[in-house]
1. Answer with yes or no whether Leu140 is under 24 Å from Val24 (Cα atoms), more than 12 Å from the ligand (Cβ to nearest atom) and in a helix (DSSP H, G or I).
2. Any idea which of (1) more than 9 Å from the ligand (Cβ to nearest atom); (2) outside any strand (DSSP E or B); (3) without any contact (Cβ under 8 Å) to a residue 40 or more places away in the chain is the one Leu63 doesn't satisfy?
3. Only residues that are of a type in the set (Gly, Ala, Ser) and either assigned to a strand (DSSP E or B) or touching a residue at least 60 places away in the same chain (Cβ under 8 Å) (or both): list them for the range 175-200, please.
4. Say whether the condition of being closer than 25 Å to His35 by Cα and assigned to a loop (DSSP other than H, G, I, E, B) is met by at least one residue in the range 121-134.
5. Out of the residues in the range 152-190 that are of a type in the set (Phe, Trp, Tyr) and over 19 Å from Phe119 (Cβ atoms), which is surrounded by the most Cβ atoms within 10 Å (Cβ to Cβ)?
6. Given the conditions (1) loosely packed, with under 13 Cβ neighbours inside 10 Å; (2) more than 20 Å from Pro19 (Cα to Cα); (3) of a type outside the set (A, V, I, L, M, F, W, C), and given that Glu87 satisfies all but one, which numbered condition is not satisfied?
7. Take the residues in the range 24-46 that are near the ligand (Cβ under 9 Å from one of its atoms) and part of a loop (DSSP other than H, G, I, E, B), then tell me which one is surrounded by the fewest Cβ atoms within 10 Å (Cβ to Cβ).
Amino acid sequence: MDFEPKWIQYYQAVEGRSPRPTLVKALEGYAQDAHPLPRFAVDLGCGDGRDTVELLNQGWRVLAIDGEPEAITRLRQRDNCDRTYLETRVQRFEDLTLPPEVSLINASFCLPFCHPDHFPQLWEEIVLALASGGRFCGQLFGDQDSWAVYADMTHHSHDQVHDLLTPFIVEWLEEENHPGKTVLGEDKHWHIFHVVARKR
Ligand SMILES: C[S@@+](CC[C@H](N)C(=O)[O-])C[C@H]1O[C@@H](n2cnc3c(N)ncnc32)[C@H](O)[C@@H]1O
């Protein structure tokens, strides 16, 4: 499935939306940590920055990454955040390299768009980049999702999600499985795992 032509429509459709509940929960967890890690986050598949803006506004240094140049252009044009501590990169998940000792990796509704041949390496990069005690938050798509028919996307069974989360203490895991619509109004069956997890 070629999603690339649709991303600009997507950015227009979600413009101005508030941060994802997974990020909000991860930040709530961070606020309760007895020995908080430095405020350094990576926002993978940042889109036009709904989550990056929240992180910046809460005093985090953010490396925001997206494969689509238009996403980064839109994020850099935002006027509702201080971009002093923002670094951006146009990079595809299939070639992702991350810095070490990241305290939070946020990946909202983006990892399933990685080609399955590259997903194991992408996940390994995420796990390795996180500091011990750092958090991952975001979504994985389940094998009952209607986009699971696309061979270039990555979907996971319930058991596979649990395997991926072995290096983590799971703080929140919620499964959604129901018919619905995309933000562009197309019919779609959603099978989503919402995850907040802390690296051991
Ligand atoms: C559904 S949007 C989510 C954007 C934002 N995180 C949000 O929650 O609104 C998915 C984002 O992932 C990016 N993306 C999709 N496939 C990618 C890939 N293979 N490598 C890097 N980014 C990719 C798209 O450009 C898009 O901005």
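The values are calculated or read from the model by the stated rules, or taken from the named source; none is laboratory data. All values derive from a computational prediction rather than experimental measurement. Every residue, glycine among them, receives a Cβ derived from its backbone with ideal geometry; neighbour counts consider all protein chains shown.
1. Details: under 24 Å from Val24 (Cα atoms): yes; more than 12 Å from the ligand (Cβ to nearest atom): yes; in a helix (DSSP H, G or I): no.
Taking the combined requirement at face value, the residue does not satisfy it.
2. For Leu63, the exception is condition (2).
3. Keep residues of the range 175-200 that are of a type in the set (Gly, Ala, Ser), which gives 180, 185, 197.
Within the range 175-200, Gly180, Ala197 qualify.
4. Filtering the range 121-134 down to residues closer than 25 Å to His35 by Cα leaves 125-134.
After this cut, where a residue has to be assigned to a loop (DSSP other than H, G, I, E, B) as well, the list is none.
No, the range 121-134 contains no residue that is closer than 25 Å to His35 by Cα and assigned to a loop (DSSP other than H, G, I, E, B).
5. If we filter the range 152-190 for residues that are of a type in the set (Phe, Trp, Tyr), which is where we start, we get 168, 172, 190.
The next check asks that each one be over 19 Å from Phe119 (Cβ atoms); those that pass are 172, 190.
Values: Trp172: 15, Trp190: 17.
Taking the candidates together, the pick is Trp190.
6. (2)
7. First, pick out the residues of the range 24-46 that are near the ligand (Cβ under 9 Å from one of its atoms): 43-46.
Filter once more, keeping what is part of a loop (DSSP other than H, G, I, E, B): 45-46.
Values: Gly45: 24, Cys46: 29.
Filtering first and then ranking leaves Gly45.
Every residue, every condition in (1) among the hydroxyl-bearing types (Ser, Thr, Tyr); (2) assigned to a loop (DSSP other than H, G, I, E, B); (3) near the ligand (Cβ under 9 Å from one of its atoms); (4) surrounded by fewer than 15 Cβ atoms within 10 Å (Cβ to Cβ), yes or no:
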| residue | (1), (2), (3), (4) |
| --- | --- |
| Thr22 | yes, no, no, no |
| Asp48 | no, yes, yes, no |
| Thr52 | yes, no, yes, no |
| Gly59 | no, yes, no, yes |
